[in-house]
Amino acid sequence: MCDFPFFSLVCTGEIFELKAELNSDKKEKKKEAVKKVIASMTVGKDVSALFPDVVNCMQTDNLELKKLVYLYLMNYAKSQPDMAIMAVNTFVKDCEDPNPLIRALAVRTMGCIRVDKITEYLCEPLRKCLKDEDPYVRKTAAVCVAKLHDINAQLVEDQGFLDTLKDLISDSNPMVVANAVAALSEIAESHPNSNLLDLNPQTINKLLTALNECTEWGQIFILDCLANYTPRDDRESQSICERVTPRLSHANSAVVLSAVKVLMKFMEMLPKDLDYYGTLLKKLAPPLVTLLSAEPELQYVALRNINLIVQRRPEILKHEMKVFFVKYNDPIYVKLEKLDIMIRLASQANIAQVLAELKEYATEVDVDFVRKAVRAIGRCAIKVEQSAERCVSTLLDLIQTKVNYVVQEAIVVIKDIFRKYPNKYESVIATLCENLDSLDEPEARAAMIWIVGEYAERIDNADELLESFLEGFHDESTQVQLQLLTAIVKLFLKKPTETQELVQQVLSLATQDSDNPDLRDRGYIYWRLLSTDPVAAKEVVLAEKPLISEETDLIEPTLLEELICHIGTLASVYHKPPSAFVEGSRGVQHKRLPGSAGSGESADSPDTGSAAGVSEAPPAVIPSQGDLLGDLLNLDLTPPTTSGPPPAPSSGMQMGAMDLLGGGLDSLVGLLHAAMGAGFGAPPTAMPASFPPPVSGGLDDLFDLGGSVGMPMGAYSPPKSIWLPAMKAKGLEISGTFARRAGVIQMEMTLTNKAMSIMTDFAIQFNRNSFGLAPAGPLQVLTPVGPNQSIEVALPLSTVGPVMKMEPLTNLQVAVKNNIDVFYFSSQYPISMLFVEDGKMERQVFLATWKDIPNDNEAQFQIKDCHLNSDAASSKLQGSNVFTIAKRTVEGQDMLYQSMKLTNGIWVLAELRVQAGNPNYTVMSRLVFVLTCSGANHKDYKTESREV
Amino acid sequence: MIGGLFIYNHKGEVLISRVYRDDIGEAGLKAEQPIISRSVPKPVSCLKRNAVDAFRVNVIHARQQVRSPVTNIARTSFFHVKRSNIWLAAVTKQNVNATMVFEFLYKMCDVMSAYFGKISEENVKNNFVLIYELLDEILDFGYPQNSETGALKTFITQQGIKSQVPTKEEQSQITSQVTGQIGWRREGIKYRRNELFLDVLESVNLLMSPQGQVLSAHVSGRVVMKSYLSGMPECKFGMNDKIVIDKQGKGGGSEEAAKSGKQSIAIDDCTFHQCVRLSKFDSERSISFIPPDGDYELMRYRTTKDIILPFRVIPLVREVGRTKLEVKVVIKSNFKSSLLAQKIEVRIPTPLNTSGVQLICMKGKAKYKASENAIVWKIKRMAGMKESQISAEIELLPTNDKKKWARPPISMNFEVPFAPSGLKVRYLKVFEPKLNYSDHDVIKWVRYIGRSGIYETRC
């Protein structure tokens, strides 16, 4: 006990002794006493009672003693704020000390004392220290700003410390720069929208210069900060990459990985055909491999990151398979990670080697590792078809070992192999059946039962086998129960004569004796199917199964992109976004990779660049947690049932109308102008062909220049545009448009599955919107959508849904659900879709109404470059339910008077002036308030503007 | 950033605890109560102890083997490394740079060893004041600061009696060094004899199939230097790097290129001490630097091509019935016969149910070590181009264990006086423009040592 004098004191009585010693006159004794106090503090004893005595020791020339006292203060000041004030004077005095080490120490410690009263006193000294002549003091002060911000953010802003901190980015000393960058990055994280770290080419240049000169840690801060920057173009991106690549040879793995992060991110912006792009890819591989010769903990972090990098850019490491071979004495966490990467890199070229390795691993000691190795063999079989046969025979060898968990794991993967390659390897079933008794894990039992049910016709004693499972039905896990139920039904459908009793038994077990709703439901479904229509039952139960995907465990692309932006950090170790494990506001920002310049267009000229920007704008994806969607989230996403009463339109409509009245007018007029701007701003002919028109699109579409005039008129419907990019919806891409067909508004969508797994169970729901649009029936997606498949759906819409004014008015927020998740997006529908067929007004009525409408409700605008004569225009418009009531010709100018009616009963009247030879039309539209029978008020719309 | 740093002994008792941020230890972690309960009521400060205790309960005292060096407990992340039986743990609540945290923990270990030698419980306890002082200096608010021992030692001294106020010049010298561009070296170093020791240390790793096929092989090498040079010398290091030689070959005579090309080696990748100018290496592939004083590791490198495998192991295992195993292992040395390998050790694993072993070996000594389940065969020295063999008869107890013996690989240790990668030092030039000594005055020593890394042959 007495070996370590500082650690030996136990009883509380000693506090008194310490007190006496602390107040001793002898310096040495004092110091020893403080040491003892710190030691007690370390082991968790409460020595706060000594506060005044320790603080008394603060005024000393002895730097070591001073540091100890400061350490004590940092620990206890918060519990004794009043007494902590006693220390302030000394701090302030120390901040003026001629010795820079003491100045820095004082400002460093003060920042650590989280007591409001002390922070007030901190401001002045801190301000001085930020401008200190000595770099050591400045670098300490820079970090102190971050400390202060953590305690009192407002104070830091009010005192202008943020600006001083920004100035330090241009400091002559690289370490000051690095610390300032670190502090600013952290502060910026808690203000996601502030432009604190206003990164521009000049600051980036400064950072890159400091990068060459500062310590390894400083380099990490700077690189991590650089990774947040988005270069303006591929040239800038390349020049930054060039200056960052030398860091890949740094001895510090963190510098290397942070550099990799910057490169991975900026590489997105480089055109793929650039030579430099290839060079860069080649340069990335060696440092990543070198990370694997670091200490095991670092290897682990590196492997987790490599796992991400391999998913994003498999080409980087495709030739490096061997370095991921497991070494006998690697720690288990390294082994498991290496195995993961091996499977990802497996290809036809290296499969033989990989299989030999995996077989070796399957005989190791660690159970988890062995299981994973066995599973990996199965995945190889599925991934590389040529190897399937060898994999299966390897698995059979492993089953022969009779090691319990190996057998079970093997059976689980063989089930997947059967699904991938049906009718190819069934010869092994006999071997599998031999091991039936040894299976004690639910997953393996379920897999085995599935195999028996699936191949019931080839297994003579299938009924006996299944019956044996049935005995302990209620003790099985749900997974096994469900599988058993299905397997026996399959068996019955294949061999109805002998198994009737068995199927009845299982159905009654499932429906009557079970309290698991899933099981009961499935039981009832089968029961009814079997009793009503056995043929249909056969079609349903024995239907052809969709193929299973090659890759499993792939990280969903959006998440992957985000994680790539977090290379090297904890997020990349956990493979979770920071928001999943960080509390508070920090880390909530979602980082994204910059858009790729792959098409090479953006570099051509600024004009097309901005055009591309516009085209990206319309499919605004609603932030997933937006308040707006609150009620949408609460809604059940099942399609509306036809039996239920439709939502009462009246109240909703009126409410909506009130809303519309409230503030709608302004927005209508606004929309008018916006639509005009968007639709007619650029001469249509100048638009690049690839440029999708804005969804809210313009009349120019409606007129559809040229040829089609003589064709049968249909309502105008804009071409499909992408509403929900795959990136944002775990691989589901939705593009679509709205159309009015035979009086029915339809939402026509193309659902494309860009993910690796199959998508099923689609459902759709709208948020309340200006015109009460709602799906008139469920979303009809009958077949699952396989990877890379796409499917066309037309969803009829009704206009009797709940009404809420949207901004812009034609905005529609949609939620789509599938088996993976729920996704939200918003789109704008063309208002012309809402014009109803009976929108033709009587001439007299028209005349009277036109005059009655106050001028306030009038809007006027021009449509440019429309090369149609008035007749053609009018007939074309009629296709979209814009009816021409009258036509007048005054001084060579055709004036068309038109009316249209919206689904909610609002009328819009318009005057269209067409001057022969002048491609510009003038439209004067009047918003008509017509009282309809429902009593709702209507405004007249911008619709007009659109039309024109 | 790092929220706190703790050091524990093997029992999980806290030796050092330094908290940088308040967020750790609050919320969530309270649930985990320490096993060692202290009856003394603890106010505010005990909050911070939650993190300390959570790590002890969940990691140090955890029943299973550690499955990951990063643990997340109640939204708090713990990073740990172990040195002998001491645990170092860094704690955070944020999305920190994980690589940096581990690098820092290793650096912390290096700094501590540089100050007081081995990291043991005793040393940590005896130096706890020093450790706190170091932690205060090298980690500020969880941000790693300059952690070069060379610089730290100028103002954090073990004696701690630096109380006499240093002169103004000294102070600014210290601070400019700690923050400056050359943080690893101080000015004004003087030696009577300028001397330089250069060791090329390589470890050669091999995984070979029973049939003698190389499954994977690589050399990871280090260039370790001890420099005792005056002033601020500018150094330039050259080796037979294929890229450099080829480049020079293009410029000079093609004959020379062909000649030297044979001896050049392809380096897969290398990393450098922070003193090396990386941008210069990137552009010209030249290694130039101002060296730290004393010991340091200049570079690390890795090669996979044309490796000289100093030994080949040929195993032959035969199962004779259920209770007997015959093992024969031949080793062949594969290098110049004038060179001598040393400290050769071959480790042949035996099944767990081994009851007895009979051994015959031609050279060296062999022993069956029951506690390690292995036959250990040691040979002091062996010249190149020789071979030797051992045969063993292993008797087994009958067992009803269904599990087959996993047959771990045969591993080997040795040391050879050359670099298995083929690396050669071509030059190390020293320039000191201010002092009057030239490259010729510096005494230089070069040594090559090749050691076995993980050198395994499956059987």
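The values are calculated or read from the model by the stated rules, or taken from the named source; none is laboratory data. Every value quoted in this text rests on a predicted model; they were computed, and no experiment measured them. Ideal geometry is used to build each Cβ from the backbone, glycine not excepted, and the neighbour counts take in all protein chains shown. The accessibility values were calculated without ligands, DNA or RNA, using every heavy atom of the protein model including side chains. Shrake-Rupley method; radii C 1.70, N 1.55, O 1.52, S 1.80 Å.
Summary table below
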{"item": "All positions within region A:41-64 that are within 9 Å of another protein chain (Cβ to nearest Cβ) and either over 17 Å from B:F128 (Cβ atoms) or open to solvent by 10 Å² or more (accessible area, probe 1.4 Å) (or both)", "result": "A:M41, A:V43, A:K45, A:D46, A:S48, A:T60, A:D61, A:N62, A:L63, A:E64"}
{"item": "Any hit, region A:322-337, residues being at negative phi and away from chain B (no Cβ under 14 Å)", "result": "no"}
{"item": "In region A:307-343, residue farthest from A:R371 (Cα to Cα) [restricted to those that are among the basic types (K, R) and open to solvent by 30 Å² or more (accessible area, probe 1.4 Å)]", "result": "A:R312"}
{"item": "Residues being over 28 Å from the mean Cα position of the chain (by Cα) and assigned to a strand (DSSP E or B) - total across region A:794-822", "result": "4"}
{"item": "Count of region B:387-412 residues which are within 25 Å of B:K336 (Cβ to Cβ), in contact (Cβ under 8 Å) with a residue 60 or more places away in the chain and more than 13 Å from every other protein chain (Cβ to nearest Cβ)", "result": "2"}
{"item": "Of all residues making up region A:541-578, the number that are in a helix (DSSP H, G or I) and of a type in the set (A, V, I, L, M)", "result": "8"}
{"item": "Residues located in region A:169-188, provided they are over 32 Å from the mean Cα position of the chain (by Cα) and either open to solvent by 10 Å² or more (accessible area, probe 1.4 Å) or more than 14 Å from every other protein chain (Cβ to nearest Cβ) (or both)", "result": "A:I169, A:S170, A:D171, A:S172, A:N173"}
{"item": "Whichever residue in region A:189-206 is among the hydroxyl-bearing types (S, T, Y) and away from chain B (no Cβ under 11 Å) and, among such residues, is surrounded by the fewest Cβ atoms within 10 Å (Cβ to Cβ)", "result": "A:S194"}
{"item": "Some residue of region A:513-520 being within 23 Å of A:V535 (Cα to Cα) and hydroxyl-bearing (S, T, Y)", "result": "no"}
{"item": "First in region B:349-377 and among the basic types (K, R), second anywhere and open to solvent by 30 Å² or more (accessible area, probe 1.4 Å), Cβ under 6 Å, 6 or more apart", "result": "B:K365/B:K378"}
{"item": "Criterion: at pLDDT below 55, over 19 Å from the mean Cα position of the chain (by Cα) and buried (at least 16 other Cβ atoms within 10 Å of the Cβ) - qualifying residue of A:S610, A:S602", "result": "A:S602"}
{"item": "In region A:271-293, the residues that are buried (at least 23 other Cβ atoms within 10 Å of the Cβ) and touching a residue at least 40 places away in the same chain (Cβ under 8 Å)", "result": "none"}
{"item": "Counted residues, region A:356-381 - those being among the polar types (S, T, N, Q) and in a helix (DSSP H, G or I)", "result": "0"}
{"item": "Scan of region B:374-427 for residues that are buried (at least 16 other Cβ atoms within 10 Å of the Cβ) and aromatic (F, W, Y), ordered by number", "result": "B:W377, B:W405, B:F414, B:F418"}
{"item": "Any hit, region B:100-120, residues being over 27 Å from B:D295 (Cα atoms), within 7 Å of chain A (Cβ to nearest Cβ), touching a residue at least 12 places away in the same chain (Cβ under 8 Å) and not hydroxyl-bearing (S, T, Y)", "result": "no"}
{"item": "Yes/no for B:D199 being in contact with a helix residue (DSSP H, G or I) (Cβ under 9 Å, 6 or more places away or on another chain) and either modelled with pLDDT of 85 or more or more than 9 Å from chain A (Cβ to nearest Cβ) (or both)", "result": "no"}
{"item": "Some residue of region A:508-522 being in contact with a Pro (Cβ under 8 Å, 6 or more places away or on another chain), away from every other protein chain (no Cβ under 14 Å) and aliphatic (A, V, I, L, M)", "result": "no"}
{"item": "Residue pairs meeting the criteria (Cβ under 6 Å; at least 6 apart or on separate chains; first touching a residue at least 40 places away in the same chain (Cβ under 8 Å), in region A:734-745; second aliphatic (A, V, I, L, M) and not in a strand (DSSP E or B))", "result": "A:F738/A:M833; A:R740/A:A715; A:R740/A:M833; A:I745/A:M833"}
{"item": "Residue tally, condition touching a residue at least 12 places away in the same chain (Cβ under 8 Å) and either under 19 Å from the mean Cα position of the chain (by Cα) or not in a loop (DSSP other than H, G, I, E, B) (or both), over region B:82-99", "result": "11"}
{"item": "Out of A:T209, A:T215, A:T230, sole residue that is open to solvent by 40 Å² or more (accessible area, probe 1.4 Å) and within 12 Å of chain B (Cβ to nearest Cβ)", "result": "A:T209"}
{"item": "Residue match in region A:520-540 (condition: on the phi > 0 side of the Ramachandran plot and assigned to a loop (DSSP other than H, G, I, E, B))", "result": "no"}
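Listed here are the residues, each with its yes/no results for (1) among the basic types (K, R); (2) closer than 18 Å to A:N200 by Cβ; (3) open to solvent by 10 Å² or more (accessible area, probe 1.4 Å); (4) within 12 Å of chain B (Cβ to nearest Cβ).
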position	(1), (2), (3), (4)
A:I220	no, no, no, yes
A:R235	yes, yes, yes, no
A:L257	no, no, no, yes
A:V260	no, no, no, yes
A:L263	no, no, no, no
